[in-house]
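Please read the structure below before turning to the comments.
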Amino acid sequence: MNGRFVLVLSSVSIGVLFLLLVVLFPDQCGSFGSKLMELRIKQENSTLSTPHRKLLPVKEPDRIRGEKCNKADIVITQGATSPLPSGIPTYTVEIMNVCVTGCDISGIHLNCGWFSSARLINPKTFRRLRYNDCLVNDGKSLINGGTLSFQYANTFLYPLSVSRVVCS
């Protein structure tokens with residue numbers, strides 16, 4: 001047999017098999033796309049332009065009466081990114097000021113253990129002062145709604161949490 005004939009015959013066979021499945025199971029085959037769309041629409045707080053990201057609800061932190069801001073107004077997220085050419089995993093960190101009272105926050109210190117990185121990080125952006133004490137943005141204000149980000153490389157992800165802040 002000719003190679004082209006075999007190719008055409010197999011393509012036609014697959015097409016006939018697909019049509020047979022659609023005729024026998026119309027409710028399963030035809031609704032796959034609409035069910036996928038329903039799932040995307042049902043996702044809470046998602047946007048149509050980026051359905052793979054879910055926006056986290058912003059919960060107003062518990063405040064003491066008259067308190068302008070607190071450490072809960074700083075949100076830290078981190079995620080894995082592509083590794084260095086040497087194979088060391090890298091992580092991107094985003095530090096956000098989500099203060100709902102419109103405050104700028106300075107003197108942001110994080111609990112960071114023995115944080116270290118195989119990739120150089122600008123010390124004005126993020127640096128370890130001592131064990132479990134890292135300083136963000138050289139101690140300067142992170143404006144309301146502002147985000148600061150950096151990447152580090154290490155064999156594991158460091159858990160980072162806010163230890164103290166200064167309300168500006």
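Annotations
- Of the chymotrypsin sites (Phe, Trp or Tyr not before Pro) found in the range 116-168, the ones in coil according to DSSP and having at most 16 other Cβ atoms within 10 Å of their Cβ are Tyr131, Phe156.
- Candidates per trypsin sites (Lys or Arg not before Pro) in the range 95-168, loop by DSSP, up to 15 other Cβ within 10 Å: Arg119, Lys124, Lys140
- Distance histogram for the range 75-122 (every C-alpha pair counted, 5 angstrom bins, percent rounded to whole numbers): 5, 14, 21, 25, 15, 10, 8, 3, 1
- Counting only Cα atoms, the range 63-168 measures 51, 25, 20 Å along its principal axes, largest extent leading.
- Solvent exposure of the range 71-151 amounts to 50 Å² per residue of accessible area, where only protein heavy atoms count and the probe is 1.4 Å.
- Rounded Å value of the spacing that divides the Cα centres of the range 67-104 and the range 117-148: 10 Å
- Distance in nm between pseudo-label sites at Lys124 and Ile14 (7 Å out along the Cβ direction from Cα): 5.7 nm
The values are calculated or read from the model by the stated rules, or taken from the named source; none is laboratory data. As the structure is a computational prediction, the values presented were derived from the model and not from experiment. With ideal geometry, Cβ positions are generated from the backbone for all residues, glycine too; neighbour counts draw on all protein chains shown. We work out accessible area using only protein heavy atoms, side chains counted, and drop any ligands, DNA or RNA first. Shrake-Rupley method; radii C 1.70, N 1.55, O 1.52, S 1.80 Å.
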